[in-house]
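Working notes, beginning with the structure itself.
The values are calculated or read from the model by the stated rules, or taken from the named source; none is laboratory data. For clarity, every value in this text was computed on a predicted model and none was experimentally measured. All Cβ positions, even for glycine, are placed from backbone atoms using ideal geometry, and neighbour counts span all protein chains on display. To get the accessible areas, we keep the full protein, side chains included, count just its heavy atoms, and leave off ligands, DNA and RNA. Shrake-Rupley method; radii C 1.70, N 1.55, O 1.52, S 1.80 Å.
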Amino acid sequence: MATAPSDYALQEDFVASEQYEVGESVSLWQDTWRRMRRNRLALIATAFVLFVLLVAIVSQFWTPYPIWRQGVGPTYQTPTLKHPLGLDQSGRDILSRLMGGAAISMEVGIGTALLSSVIGIVLGLLAGFYRGWIDSVISLVINVWYGIPDLLVVIMIVVITGRRELLFIIIAISITAWVNMARLVRGQTLSLREREFVEAARSIGTRDFSILFRHIFPNALGPIIVQATYLVPSAIIFEAFLSYLGLGVPPPNPSWGAMTAEGYRSLQYAPHITLIPALALGLTLVALNAFGDGLRDALDPRMRR
Amino acid sequence: MTRGTFAYVAQRFVLIALTALVVSSIVFIGVHQLPGNAFLSERQSSPQREAELLHHYGLDKPLPEQYLAWVGGVLHGDLGESLVNRGVRITPLLLRELRVSATLGLFALLFTVVLGMGLGILAATKQNTWIDYAASFGGTVGYSMPNFVTATLLILLTVTGFYAWSGGAFYEDIGWGKPEQVIVPAIALGLYPMAIISRLTRASMLEVIRQDYVRTAWAKGLRPRLVIVRHSLRNALIPVVTILGPITTSVITGSVVIEYIFGIPGLGKEFVNSIFNRDYNIVIGVFTFYAVLVGLANLAVDLVYPLLDPRIRY
Amino acid sequence: MIGIRPRAAAAALAAGMLALACGGDNGAGGETMAADQTLTFPIQDDVETLDPGHVSSSVDITFAQEIFSGLYRFDNNLRVIPEIATGAPDVSTDGKTYTFKLRKDARFSNGDPIKAGDFLYSWNRAARLNDAYATVFAPVVGFDPTAGGSAQTMSGLTAPDDYTIKAQLSEPAGFWLTELALWNAAVVDEKVIQSAGEDTWWTKPETLIGAGPFKMTARTPRASMEFAPVPGWWGGSSGTMTKVKVQIGVDQSAAIKKFEAGGYSLVGMANNPPSPDEILRYRSDPSRSRLLTIYPSARTTWLGFNLVKGPFAASTAGITPGRPTSGLRSDPGRDGREAFSRAIDRDQLVDVACVKGATCSKATGGYIAKGLKGYLGDNADPTAKFDAAAARAQYQKWDPDGSRVQGLRLRYNTSATNTQLFSNVQSQLKSNLNISVELAPSDFPTLVKERKAKNAILFRDSWGAEYDHPQDWFSNLWTCEQAAAGKGNSSGYCNPAMDKILAKADTEQIDQAQAQYRQAQRLMIQDNYGSALQYGNQPYVAQSYVKGAGFNSLYDYSWTNIRILKH
């Protein structure tokens, strides 16, 4: 009758087989890094992300062919030695455009993550710390925003203002993306502010601003960073959606989403035009999410023994 | 239903109506800031004709007056007339398309919940085995891929693939009308939320399994499957049900692109087409519909809650 | 083509009557018809209107031309032939009075007889509505007050008896007869419109009454439409079709897949071409390429330059729109305009933008599309000749430090084809002239508004002919009158010398006038008016057993011609 305990997951999962020396003191970050190292998937993911980042940076200085130049060869051409990823429907080199697309994805992802994180953190801290009417207002906004399909809002903003520059798209996406971060930070702040060290700081007369940024914020940093990491792929998906619908950065900018959409019109005749950017998009997003997962698992206190 | 529940539901309905009003009002105002109007054409359109069109749609009145007229209409369930196709009333049009989108959405949700929970439970019970890692990785992939990428791959596989491999004999029509046509788009639409649900189910199952009362049941010698199903599933369901609200929202969001790709005549396709055709009356109408839908979905979720957790009462 | 001289008229009349009596081919010797003569095809967008007084889009025209009839119509070769008229009109020697005689047996699809009074009602109504094509009646005396709203009828139109119409023109207009073949001059049933309502009569099959060979039998807005031949049509045979089914809102790729499964008879009618994927596949597949036909479509797209302000203007001080831009002492923008035009390799353009040259062909013969009267001939336009080196040199001379093209934006309306087209223009300008032009797409109404206000500096301009007569192009696009602010001459081009030539040519019959129209166009080219890019094509895909369908550059072939063979 006794079935192996592993079927019931009663064994401690992910036992930290870190053998710490007695008395060794390890900072949070060192510990996190060690745990990350053990998670092979996260490691591969991290390497891939760094690779994409590298390609993105390189693309700003050099690509095999200019990303905008059309007619460098016959249109719709399948991969050849000269053009390892083939040519698209306008006779542009796909490899070069793929590199350029990496830059756009990285810019949008990181830009949005930064911007919406800043907004979310500030608002979340304020709401959680001061409570009262500030909290009511911010929470109301969060709740209303939560119930509205965000893609539609972003589409409306882009269409109404008619602006399609990259910076504007980052702003438009951030307008809906800050909500989750704010929620998270608010929750963290709410629980942290009751802790003794905050009590202590207050009693010696530390100013609110100081408490917020030197005591509360650093302690919430772990989950904040994880959340911010997840914001990157989510922003990239958003931009890809917009480009797919023709509302993203205007041509000839080689957003992967736009490339996928353009290739769809000749899907059967020349599938490589759609498949290649679609795969690039998918792999990058998987890697980013796996990286985020790895980070989250590494920081999770419950997994620490 | 107790009186308390009734009052709660009534309250929520009011809230939904209010949110819908606010949302569509914002859209209404936003849309009227747009330059130009839907009526200009290449060929000479006399200013008289343009004026007549503007007048027909009430677009020549001042904005507050237009807004009030529109609100009045909405309260009667009338969302106005299409700007591009004269004579087409919007409410019946959107209701027709709602039926299509709802069918697609429900099938997608079915796929999401059944497969998502199934995979999550599987991963939780076989934790740290290769099944677990495979399911988790699959979840990450499903979560990361934009749905138009999965849709494209699925189309290549099913439509182009089957057609080519069978030498043109077998052919799958993408579009809408035949019952089997709902399968591929539902999968494409449901993959992303499925990944979320499977991860969540796994995590909450693990939580529950670790708890004492499960250990007790196991110690008592009950058969394993019974233990899981009876004692853990119900409680593990709670976080999943919580998230069904946002999941529905994400299905709605996803349907915009999916309907567009598959040519399915639902609300999402209507939204995209109307934006491109500058048929703003319909855009406002679609937003209103969506706001109400999301509100109703969240309300439904909240009403199911007490069935799962008797501690919760309204 | 109906000539005004009596003998020629008689000959043409006979030919016309013959064509009309036969309606369509009833099986050209030895064809076996299928039992089910239902024609099905998809369209993407629903019709905007089917009211002849309002119809303007090509989708609407396809259906309007089957439901309605007028005095004259175009046959499949774009020749004007009589329909309800008994023949060519009698025209006075000064060219200002037209007398038409009507058939006595013409009827609406509800049986109501058609008399001269019905035509007067229909034409006056069209003038009063003053929509896009009301200008068909502009030559008639009394048009202006009617269109302006101060009069109910045009004083120049009278009906001496039930089967005679007399039209008094304010000036001779050789093109007017051609215009009368347009759908806007069709006859509509006054009783039906009065009872069903001005705005709604065309929306329901029961009240959509016309005199054409077909009538609408069912309609679900945005979903489908059905048509059937009018039993015992007065015009003779309405062909072999027993039903026409139209599906609305069908996506391009879904359309072809359904076509391949036999679900559609053809794809391409009503301005709904198959997608690039299909065109490419069909062209490269020998078994399929027979099903694909590519027709020229009488539309020219060109790059427009703003001649009244900005770097390409004909004067550095700017010109008031409506004032001459030609014949001035100097033209500072000319070199820039010419350099831009010569820097574009139209072979690459057509390859990239038009699915390897399937959906358009390069524009080397002027602005009036190939195949129409007024076309100058292949390679007759020297500014369309690609010469990167010469263009580069010319541009460098014109703008050595790049300041003139600083911040230049290329305006066009968003569509997949336009994006392909203009991103290639952008790429070529960059490759060949080393200039960065920003693409600035917008929706169509915004573009039109900007163009009419003469605010667009570098933009897409395009025109699809409505009838085969150069007057259609010149009077809408290129005269000084149209160059005024708010009118359709988006460049602001104004050449009084050319206008004089046009004024004379408009009064004459087309055969004499052709040479003058060509001369006018050559003046435009000499002035570097714009940069003609491509002439449109209309691809059609039809099942091998569907015969008689096609496109004659302007309109789909009539349904009365189409036959479905046994398959």
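Observations on the model:
- Relative contact order, percent, the range C:205-332 [alpha-carbon distance under 8 Å, six or more residues apart]: 11
- The DSSP beta bridges internal to the protein assembly as shown are antiparallel in roughly 80% of cases.
- Gyration tensor (alpha-carbon) shape descriptor, the range C:138-283, a/c threshold 1.5: prolate
- On full extension, the segment bounded by A:L190 and A:W33 gains 53.7 nm, given 0.36 nm per residue less the C-alpha separation.
- Å³ per residue enclosed by the Cα convex hull of the range B:244-301: 66
- Shielding by partners, peptide A:267-278 (average Cβ within 10 angstrom, other chains): 5
- Rounded to the nearest 100, the interface formed by chains C and A buries 1900 square angstrom of accessible surface, both chains summed, with a 1.4 Å probe.
- The apolar share of the surface of the protein assembly as shown, taken as the fraction of accessible area on carbon and sulfur atoms (1.4 Å probe, ligands and nucleic acids excluded), comes to 59 percent.
- Interface burial in the range A:240-263, defined as at least 40 Å² less accessible area with all protein chains than with the chain alone at a 1.4 Å probe, covers A:F241, A:Y244, A:L245, A:P251.
- Equivalent ellipsoid dimensions for chain C as semi-axes, Å, which come from the Cα gyration tensor, largest first: 40, 30, 20
- Divided by 2.2 N^0.38 Å, where N counts the residues, the Cα radius of gyration of the range A:139-231 comes to 1.41.
- With 0.36 nm allotted per residue and the present C-alpha distance subtracted, the B:A134-B:L95 stretch has 9.9 nm of extension available.
- In terms of Cα atoms, the Rg and Dmax of the range C:362-464 work out to 15.2, 43 Å.
- Shielding of peptide B:16-23 by partners, expressed as the average count of other chain Cβ atoms within 10 Å per residue Cβ, is 2.
- For the segment C:353-359, counting C-beta atoms of other chains within 10 Å of every residue's C-beta and taking the mean gives 2.
- Prolate/oblate/rounded label for the protein assembly as shown (Cα gyration tensor, a/c 1.5): prolate
- Under the simplified labelling scheme, the A:L279-C:T164 pair shows an inter-label distance of 8.0 nm, with each label point 7 Å from Cα along Cα→Cβ.
- For chain A, the relative contact order is 26 percent, taking Cα pairs closer than 8 Å that sit 6 or more residues apart in sequence and dividing their mean separation by the residue count.
- Computed from the C-beta positions of B:E180 and C:L328 and an R0 of 56 Å, the FRET efficiency is 0.20 to the nearest 0.05.
- Applying a threshold of 28 Å to the alpha-carbon distances of C:K397/C:K487; C:K370/C:K397; B:K126/B:K178; C:K362/C:K500; C:K191/C:K449; C:K104/C:K215 flags C:K397/C:K487; C:K370/C:K397; B:K126/B:K178; C:K362/C:K500; C:K191/C:K449 as lying beyond it.
- Chain A: Rg to Rh, with Rh as the Kirkwood radius over Cα pairs: 1.06
- Accessible area buried at the C-B interface, both sides summed, 1.4 Å probe (Å², nearest 100): 3100
- Per residue, the range C:180-278 exposes 31 Å² of accessible surface when a 1.4 Å probe is rolled over the protein heavy atoms with every protein chain present.
- The range C:439-547: C-alpha gyration tensor shape, a/c 1.5 cut-off, then a/b vs b/c: oblate
- Over the range A:151-305, the Kirkwood radius and the radius of gyration, each from Cα atoms, give a ratio Rg/Rh of 1.13.
- Among the DSSP helices (H) of chain A, those spanning at least 30 angstrom by Cα along their long axis with an average Kyte-Doolittle hydropathy of -1.0 or more are A:94-130, A:166-192, A:217-244, A:272-299; this is a geometric and hydropathy rule only.
- Value in Å of the Kirkwood radius, where the range B:61-148 supplies the Cα pairs that are averaged: 17.3
- Take each peptide in C:376-389, A:282-295, C:45-58, count the other Cβ atoms within 10 Å of every residue, and average; sorted highest first, the result is A:282-295, C:45-58, C:376-389.
- Contact surface B-A: accessible area buried, both sides summed, square angstrom, 1.4 angstrom probe: 4400
- Computed log₁₀ I(q)/I(0) - Debye formula, equal Cα scatterers, no solvent, the range C:49-131, q 0.13, 0.14 Å⁻¹: -0.49, -0.58
- A straight chain from C:S403 to C:Q514 at 0.36 nm per residue would run longer than the Cα-Cα distance by 35.7 nm.
- Protection proxy ranking of A:48-58, C:100-110, A:241-251, A:201-211 - average other beta-carbon atoms within 10 Å, highest first: A:241-251, C:100-110, A:48-58, A:201-211
- Spin-label proximity, A:E165 to the range A:47-81 - amide N less than 20 Å from point 7 Å beyond Cα toward beta carbon: A:60
- Residues of the range C:320-382: accessible area per residue with a 1.4 Å probe, Å²: 37
- Threshold 40 Å² - residues in the range A:58-77 whose accessible area is reduced by that much or more when the chain is no longer isolated, probe 1.4 Å: A:W68, A:Q70, A:T75, A:Y76
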